[in-house]
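Novice: Attaching a single structure in structure tokens format; questions to follow.
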2 protein chains.
Amino acid sequence: MDKIARDPMYRLLLDGPPRSSRELEQALGLSRVTAAQRIRALASEGLIVEDGTMASGGGRPARTWRINPHYRNLLGVDIGEEMARVVLFDCGCGVLDEALLPVDLRADPAQTLEALARVADRLARSPKATAKVAGLGMALPAPIDYRQGRVAKPSVMHGWDQIDLRALLSARLGLPVALDNDVNLMCMAEQRLHWPDARHVVFIKAGTGIGCGMITDGHLLRGAFGTSGDIGHIQHTPQPHQLCRCGKEGCVEAHAAGWAIARDLRALGHDCHDARDVMQLYARGAPECRALVNASSRIIGTVSADLVAVLSPELLVLGGTLAGAGEAMLAGIRERVYQRCLPLATERLQICLARGDARLGTQGAAMLVRQILTDPR
Amino acid sequence: MDKIARDPMYRLLLDGPPRSSRELEQALGLSRVTAAQRIRALASEGLIVEDGTMASGGGRPARTWRINPHYRNLLGVDIGEEMARVVLFDCGCGVLDEALLPVDLRADPAQTLEALARVADRLARSPKATAKVAGLGMALPAPIDYRQGRVAKPSVMHGWDQIDLRALLSARLGLPVALDNDVNLMCMAEQRLHWPDARHVVFIKAGTGIGCGMITDGHLLRGAFGTSGDIGHIQHTPQPHQLCRCGKEGCVEAHAAGWAIARDLRALGHDCHDARDVMQLYARGAPECRALVNASSRIIGTVSADLVAVLSPELLVLGGTLAGAGEAMLAGIRERVYQRCLPLATERLQICLARGDARLGTQGAAMLVRQILTDPR
DNA sequence: TTACTTATGTAAAGTGTTTATCATAAGAGG
DNA sequence: CCTCTTATGATAAACACTTTACATAAGTAA
């Protein structure tokens, strides 16, 4: 995107609903003249378009302005443990085209990257594209050194911490590239797209693994070393100790994650390997599965209670594959949170299922590049 | 403070070390001419003064500027469970005069406030005062509705949530007043005064009660309802359940707080009622006391590990009365944190004792009003 | 001492923003 | 229809900041 896109007025319209000239002027603290001038500039460049008029309050109704979604397109990539999703978005995060490809995180990252790059290239030239692609964002299931744009040093994604991921991808594609942890990006997308007024949000992703993203005062909380939100390996220590895939015992994941439920279901004779398999069994109503999911939800509820006590969010959202169990998962979380936290912290707290779909990670990734491309520095 | 004090240049000098014209210019993104002009304006108003010269790098050495601590004075109040401390500061947070007064939080808040106001008035007219008082900050051992400037609704400070604390005090004293939770303010003061480069800090206050303050990305994390940092009532559940003063069982406080240790020591025949008594016994080397303090430190370490996993701070500071046990407290915290957290989260994490003294709360309070008085809005 | 370096002061020209004023546009309500 | 209200456009003077250029101040290194 061009220089003009760094106008804070454009950022405001990217993040929020259409606004009138006066609203923009007040939100940015500009004078009417300057606001109008900047609106003209953005409109003449095709960055924003007229949206409609507001209800009249006894006078001439105000025109509202919104971003032009077809000014540029964006690519969002979400690398999962087995599949990667690549989505072509317009710059309002509307889906234009999409592709899935299998990935093997234990394989050579160079090969995986090349496969991803080919798909990205193909999508950028898709007949459904509405503009040229301005950048690519990528969500990764690993701690990310956000400043450096690479996977943080010791990581589960073997070998990925060795390469300068952002520079490599950017050079290969000829596009600006931004990276972040997948849960962080899901959290950001969920908040920005579905709860724009919430300033303090905890997003729990319960899938094959468990993690959380946090927004405090409207800002994504990344922490000092890119490891924030690592709730999966908080010590839970209920009676039967379980070995976690991280090598420790008694982690939350080892009792409540999709892989742990699958492990327990396999022990009961089911053919079940990941969170998706668990949800299939759950949907079919297998009682053992329901029991395990309920138990999981209470364990996640225990951690949630700690998060609520520490962070005092106004919204706790549950996403990830296990959120497919819906109210059953929420029940366990609510039970523990209301049981353990102060009324003051819970009386106005909302506990909900994520409204975003499986594309949440890619949407967050696209929003991240967009944010960087429109950052005034 | 006057209008000119809202200059971001002044705020920069308030928070940081003395700087040269060039450093100010770069930090604020101004041109040399404008920076010099603003420096002149601030200096002529008496807000800043010349500090000295920097080391020469082969040319004329740069002059450095610092705030004039005697431009205005500030009052900081820290209300504890039994005592309140009122300190008169210069606007660099240097101590000028000080007073302690007993308070009873169960008494009528109006009486306590009047007693406080009298002390504040007296200090403002103290012979040690160097300038007129610009505002008063207050630290309270309760969740605070920061926006409203009052104690959040259901509170342990009975009756205090009924009154418009900020407005009342402000009217009584004829001064701008700001309030916040005591642990938040201690956290802020500790970071700003002693770890200015740390952007992600967890401050644990272990005293008669237990709580924590958090700074993420340089900003104090207050949460949505003023209850953030409530780690004292996280469920700990080791074997012998203990009734907490909050009415629940198995809270961290019920096992690790000063009041809980005092309770256990009383059961062993010691005359011990609060954290200070515990530290006296500890200093005298009572073995039961040492054992209990060690156990407490491990419990606090357990919560600390959760905080480190979730927030990924670069610095974890222990303050409060129990921090008087020094390395013994740190040992238990370090043990649990290193045992339970990812190496990535701990390898560069510092775990230290607070450097601030008993005036930390009042310093934070003074910094809070100062921050508000110099906020450009 | 001289040459070089960096810091600081001052003035002029140019850019962008604000404030103020006047004019026009487009709705509601009578 | 007219009046009232609010939105928007155009313009000019005032203001703040930046850039540029030149001069001076105060150190270091030889």
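Novice: What number of residues in the stretch A:303-323 are surrounded by fewer than 24 Cβ atoms within 10 Å (Cβ to Cβ) and either modelled with pLDDT under 95 or of a type in the set (S, T, N, Q) (or both)?
Specialist: Matching residues across the stretch A:303-323 total 1.
Novice: From A:V310, A:V317, grab the single residue that is within 21 Å of A:H200 (Cα to Cα) and in contact with an Asp or Glu (Cβ under 6 Å, 6 or more places away or on another chain).
Specialist: Sole residue among the options that is within 21 Å of A:H200 (Cα to Cα) and in contact with an Asp or Glu (Cβ under 6 Å, 6 or more places away or on another chain): A:V317.
Novice: Could you tell me whether B:I261 is under 23 Å from the mean Cα position of the chain (by Cα) and buried (at least 20 other Cβ atoms within 10 Å of the Cβ)?
Specialist: Considered against the rule, which asks whether it is under 23 Å from the mean Cα position of the chain (by Cα) and buried (at least 20 other Cβ atoms within 10 Å of the Cβ), B:I261 comes out as no.
Novice: Any idea which residue in the stretch A:64-87 is farthest from the other protein chains (Cβ to nearest Cβ), counting only those that are over 16 Å from the mean Cα position of the chain (by Cα), away from DNA strand D (no atom under 16 Å from the Cβ) and of a type outside the set (D, E)?
Specialist: If we take residues in the stretch A:64-87 being over 16 Å from the mean Cα position of the chain (by Cα), away from DNA strand D (no atom under 16 Å from the Cβ) and of a type outside the set (D, E), then A:H70 is farthest from the other protein chains (Cβ to nearest Cβ).
Novice: Test A:A129 against the stated conditions and say whether it is modelled with pLDDT of 95 or more and assigned to a loop (DSSP other than H, G, I, E, B).
Specialist: Answer is yes for this residue.
Novice: Got a sec? Which helices (runs of 4 or more DSSP H) wholly within the stretch B:198-297 have at least 2 residues that are within 11 Å of chain A (Cβ to nearest Cβ) and charged (D, E, K, R)?
Specialist: It comes to none.
Novice: Follow-up question, since we're still on this one. Give B:T237, B:T208, B:T216 a once-over and let me know the one that is surrounded by 24 or more Cβ atoms within 10 Å (Cβ to Cβ) and at pLDDT below 95.
Specialist: Of the residues listed, the single one that is surrounded by 24 or more Cβ atoms within 10 Å (Cβ to Cβ) and at pLDDT below 95 is B:T208.
Novice: Here is a follow-up. From the list A:V87, A:V49, pick out the single residue that is in contact with a Ser or Thr (Cβ under 8 Å, 6 or more places away or on another chain), at pLDDT 90 or above and away from DNA strand C (no atom under 16 Å from the Cβ).
Specialist: Numbers: A:V49 fails: in contact with a Ser or Thr (Cβ under 8 Å, 6 or more places away or on another chain).
Just a single option satisfies the conditions, and that option is A:V87.
Novice: Hey, could you check the stretch A:14-26 for residues that are within 15 Å of DNA strand C (Cβ to nearest atom) and surrounded by fewer than 15 Cβ atoms within 10 Å (Cβ to Cβ) and say which is nearest to A:P69 (Cα to Cα)?
Specialist: Per the stated criteria, the residue is A:R22.
Novice: Return the pair list, or none, for Cβ contacts closer than 6 Å from residues in the stretch B:362-377 that are closer than 13 Å to B:V95 by Cα to residues that are among the basic types (K, R) and modelled with pLDDT of 90 or more, at least 6 apart or on different chains.
Specialist: Sorted first by the residue in the stretch B:362-377, then by its partner, the pairs are B:T362/B:R85.
Novice: Would a scan of the stretch B:107-126 turn up a residue that is within 29 Å of B:G46 (Cβ to Cβ), of a type in the set (V, I, T) and without any contact (Cβ under 8 Å) to a residue 60 or more places away in the chain?
Specialist: Taking the stretch B:107-126 and keeping what is within 29 Å of B:G46 (Cβ to Cβ), we get B:117, B:119-126.
Next cut, of a type in the set (V, I, T) only: B:119.
Those still in the list that are without any contact (Cβ under 8 Å) to a residue 60 or more places away in the chain too: B:119.
Scanning the stretch B:107-126, I find at least one residue that is within 29 Å of B:G46 (Cβ to Cβ), of a type in the set (V, I, T) and without any contact (Cβ under 8 Å) to a residue 60 or more places away in the chain, so the answer is yes.
Residue by residue, here is whether (1) at pLDDT below 95; (2) away from DNA strand D (no atom under 16 Å from the Cβ); (3) closer than 27 Å to A:A131 by Cα; (4) over 25 Å from the mean Cα position of the chain (by Cα) holds:
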| site | (1), (2), (3), (4) |
| --- | --- |
| A:I4 | yes, yes, yes, yes |
| A:L14 | yes, yes, yes, no |
| A:A41 | yes, no, yes, yes |
| A:A62 | yes, no, no, yes |
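Novice: Let me ask another. How many residues does the stretch B:50-60 contain that are of a type in the set (A, V, I, L, M, F, W, C) and more than 14 Å from DNA strand D (Cβ to nearest atom)?
Specialist: Residues flagged as of a type in the set (A, V, I, L, M, F, W, C) and more than 14 Å from DNA strand D (Cβ to nearest atom) within the stretch B:50-60 amount to 0.
Novice: Could you tell me which of the residues B:Q339, B:Q363 is touching a strand residue (DSSP E or B) at 6+ places or on another chain (Cβ under 7 Å) and among the polar types (S, T, N, Q)?
Specialist: Residue meeting the stated conditions: B:Q363.
Novice: Are there any pairs with C-beta distances below 6 angstrom linking a residue in the stretch B:4-25 that is among the β-branched types (V, I, T) to a residue that is modelled with pLDDT under 90 and part of a loop (DSSP other than H, G, I, E, B), with the two at least 6 apart or on different chains, and if so which?
Specialist: Every condition considered, the pairs that remain are B:I4/B:E45.
Novice: Considering only residues of the stretch A:153-177 that are under 30 Å from A:C244 (Cα atoms) and part of a helix (DSSP H, G or I), which is nearest to the other protein chains (Cβ to nearest Cβ)?
Specialist: Per the criteria, the residue is A:D161.
Novice: From the list B:R63, B:R85, B:R147, which residue is charged (D, E, K, R) and buried (at least 17 other Cβ atoms within 10 Å of the Cβ)?
Specialist: B:R85
The values are calculated or read from the model by the stated rules, or taken from the named source; none is laboratory data. Quantities reported herein were computed from a predicted structural model and do not represent experimental measurements. Here Cβ is always computed from backbone atoms with ideal geometry, including for glycine, and neighbour counts include all displayed protein chains.
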